[in-house]
Amino acid sequence: MTVATQFTRIPHPAPATEQARADILAAPGFGKYMTDHMVSIDYTVDGGWTDATVAPYGSIALDPSAMVLHYGQSIFEGLKAYRQPGGGIASFRIDANARRLQNSARRLAMPELPVELFIQSIVELVDADNEWVPKAGGEDALYVRPFMFATEPGLGVRPANSYRYLVIASPAGAYFPRGVKPVSVWLSTEYVRAAPGGTGAAKFAGNYAASLVAQAQAAEKGCDQVVWLDAIERKYVEEMGGMNLFFVFGSGPDARLVTPSLSGSLLPGITRESLLTLAADAGFAVEERKISTEEWQKKAKSGEITEVFACGTAAVITPVGSVKSAAGDFTIADGEPGEVTMALRDTLTGIQRGTFADIHGWMTKL
Ligand code: PLP
Ligand code: COI
């Protein structure tokens, strides 16, 4: 990788001991433990991107009037660094994450970090925290979280003139505590996540804040996750909390996959897009279209919909086993992980973990 920007390395005075790191890597959970370092880059309208550093992970100082704290300009990305069988480390479609951060930035009137600088920032952090990347051969990986927020002090409502971009990382195991066991979902008709013309297609912090009350409602109903519906008719399925959704119709070689089309108010998941390709490679028909909760319920009950799964970087591929809603409850087939779901999961994770051929050129050596 060519070095476009010089990053200043500030060595950690007391990195985690080998024992402390080994204890964390033995059972990392999701998002609980951070690695030793973080990347930081500042941006000002006049000076552009400056002060690229890899520094010890730690608190940051913010002016109490920093615009992010008042008007919420804050966006993020999520990707993983996977240990490869030979010991190296690689990421999956890192350029797509870089471009999505730029798209999110445009929607929130924030500056666009150049793709090369995004990639380099992650190369630098993974280099500093190499030993935090879980070993090959398992389900674990290093979850990398790049994010950017407005730092300019002041209470005027307008796009800020200064921002900070940070990258932190956290060793990650299964996103759901029960692993690949099917999750239960609540169809949210009271709350909506995003409306046409809103911020739903951006990875914008506020979308997640707006989702929390509905997630709490789902938990009250005994469900693991919320499924969001379209804001206007509250009829068409959009996505889950941090995952896109796929519906499998039929079974065996005749199985067809349907995923909600990109409505403008759901996040264009990189896993979603990759699975559309991998499913087509495997000979399945794939369709991006609207799917209503009525169709879901009717066809799950008739047996035409045989599997439903959620997909995303953190959750990989997680089967959906049962659905609750104000209109009634139902299960998908026998509520167990389906064949197509698990076959696609094997292919995707095989590519990411370097045990299957990367025929689409999706992996980048870090
Ligand atoms: N939808 C939402 C709301 C998300 O937060 C995510 C996670 O990033 C996804 C979908 C899946 O996107 P990806 O596959 O790029 O991780
Ligand atoms: C991801 O899969 O990267 C996500 O962002 C989901 C969630 C942790 C917000």
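What follows draws every value from the coordinates through simple rules; no lab data is involved. From a predicted model like this one, the values you see are computed outputs, not experimental measurements. Please note: Cβ atoms are built from the backbone with ideal geometry, for glycine as well, and neighbour counts cover all protein chains shown.
Structure notes:
- Normalised by the number of residues in region 149-217, the mean separation of alpha-carbon contacts (under 8 Å, six or more apart) gives a relative contact order of 18 percent.
- Normalised contact order of the chain, rounded percent, pairs of Cα under 8 Å and 6 or more residues apart: 18 percent
- Taking the DSSP bridge list for region 153-308 and keeping only pairs wholly inside it, about 55 percent are antiparallel.
- Once C-alpha pairs closer than 8 Å and six or more residues apart are averaged by separation and normalised to the residue number of region 1-155, the relative contact order reads 30 percent.
- Cβ-based net charge around D42, under 14 Å, with every Lys or Arg adding one and every Asp or Glu removing one: -3
- Rg to Rh quotient for region 8-106, alpha carbon positions, Kirkwood Rh: 1.00
- Residue list for region 2-33, given a label point 7 angstrom along the Cα-to-Cβ vector of E131 and an amide N cut-off under 16 Å: 11-26
- All-pairs Cα distance distribution in region 250-366, expressed in whole percent, bin size 5 Å: 2, 10, 20, 23, 21, 13, 6, 3, 1, 0
- Top positive-direction residue, dipole computed over region 1-115 with Cβ charges, set L108, V39, Q6: L108
- Largest GNM mean-square fluctuation among A150, A210, A194, using the chain with Cα springs under 10 Å: A210.
- Think of the chain as a dipole: +1 on every Lys or Arg Cβ, -1 on every Asp or Glu Cβ, centred on the Cα centre; then among G354, Q120, A300, A300 lies furthest on the positive end.
- Among T347, T5, the ranking by other beta carbons within 10 Å of each residue's beta carbon, starting with the fewest, stands as T5, T347.
- Listed residues A22, A141, A231, most fluctuating in the chain (Gaussian network, C-alpha, under 10 Å): A22
- Comparing mean-square fluctuations of A343, A98, A169 from a GNM of the chain with C-alpha springs under 10 Å, the top value falls on A343.
- Reachable lysines, given that their alpha-carbon falls under 30 Å from the alpha-carbon of K32 and they are not under 8 places away in the same chain: K80, K135, K181, K203, K221, K324, K365
- Rounded, prolate or oblate (a/c below 1.5 giving rounded, otherwise prolate when a/b exceeds b/c) for region 186-252 by Cα gyration tensor: oblate
- Point-charge dipole on Cβ atoms (K/R +1, D/E -1) for the chain, about Cα centre, debye to 20: 320 debye
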